[in-house]
Amino acid sequence: MAGVEDTLSEMIRESPCSVLNRTQALHHVLVVLGGGYEWRDGEVVRRHGRDGRDCRSTHKQFKLPAEHVALLREHGRAVEQQYVDGTCPAEHLRTHAAELARTPGPLEQDPYPASPGAPLFNVPADAAADWVEAAREIAAVVVPLWETPSDYEVAVHASLAPEERAWVDGQRSRALALLERRFGPEVLPAGGS
């Protein structure tokens, strides 16, 4: 089993173009429902183990044929290197994964909706201390964002049918109640749900 920093470092090493710092990695591992992680023996682990793939295979799919690159350049268009040779634009960060796994940073997106099935809301009693602290750390980032959603999230919520809105609100309430039960009311703004 691996601790928090090893798990996050591995994730950043595999996809530095989509996970740039500790906060983003914790969000993916603990908050994203269906992110591929689960609690096992007091630690968060990959549900299906490591398959050895990384983002390089995805970038290779977007490599343009040489004649297309030439045509774009002929028409004065700049072509990013990833489209020329299929490399990851954040390749240089791969070797810094361990450092980035220790470095909090901006989430740079709306948080995934609060869902009672996500690992953050099901921290077991036997959770390793580093995972408990990691859960508290990401909760401190995402809970305020759920409490004060972005304009986009408000618009999406308003666009839902009444029964869909009720379901989403119910999921959020159940998830926050689980979080409060595990960590106490101080984890939520205004001391409770």
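The values are calculated or read from the model by the stated rules, or taken from the named source; none is laboratory data. Because the structure is a prediction, the values reported are computed rather than measured. Cβ placement follows ideal geometry from the backbone for every residue including glycine, while neighbour counts extend to all protein chains displayed. We work out accessible area using only protein heavy atoms, side chains counted, and drop any ligands, DNA or RNA first. Shrake-Rupley method; radii C 1.70, N 1.55, O 1.52, S 1.80 Å.
Details
- Heavy-atom accessible area order for His92, His28, largest first, 1.4 Å probe: His92, His28
- Shape category assigned to the stretch 89-185 from the gyration tensor of Cα positions, a/c cut at 1.5: oblate
- Whole-angstrom gap from the stretch 1-78 to the stretch 129-193, using each part's C-alpha centre: 25 Å
- GNM flexibility winner over the chain from Arg73, Arg165, Arg136 (Cα, springs under 10 Å): Arg73
- Relative contact order for the chain, counting Cα pairs under 8 Å that sit 6 or more residues apart, in percent: 28 percent
- Over the chain, DSSP H runs of length four or greater, each weighted -39,500 (n - 2.57), average out per residue to a 222 nm ellipticity of -14000 deg cm²/dmol.
- Global form of the stretch 6-120, assessed from the alpha-carbon gyration tensor, a/c cut-off 1.5: prolate
- Paramagnetic label reach from Val156 (point 7 Å along Cα→Cβ; backbone nitrogen cut-off under 16 Å): within the stretch 112-127, residues 112-116, 118.
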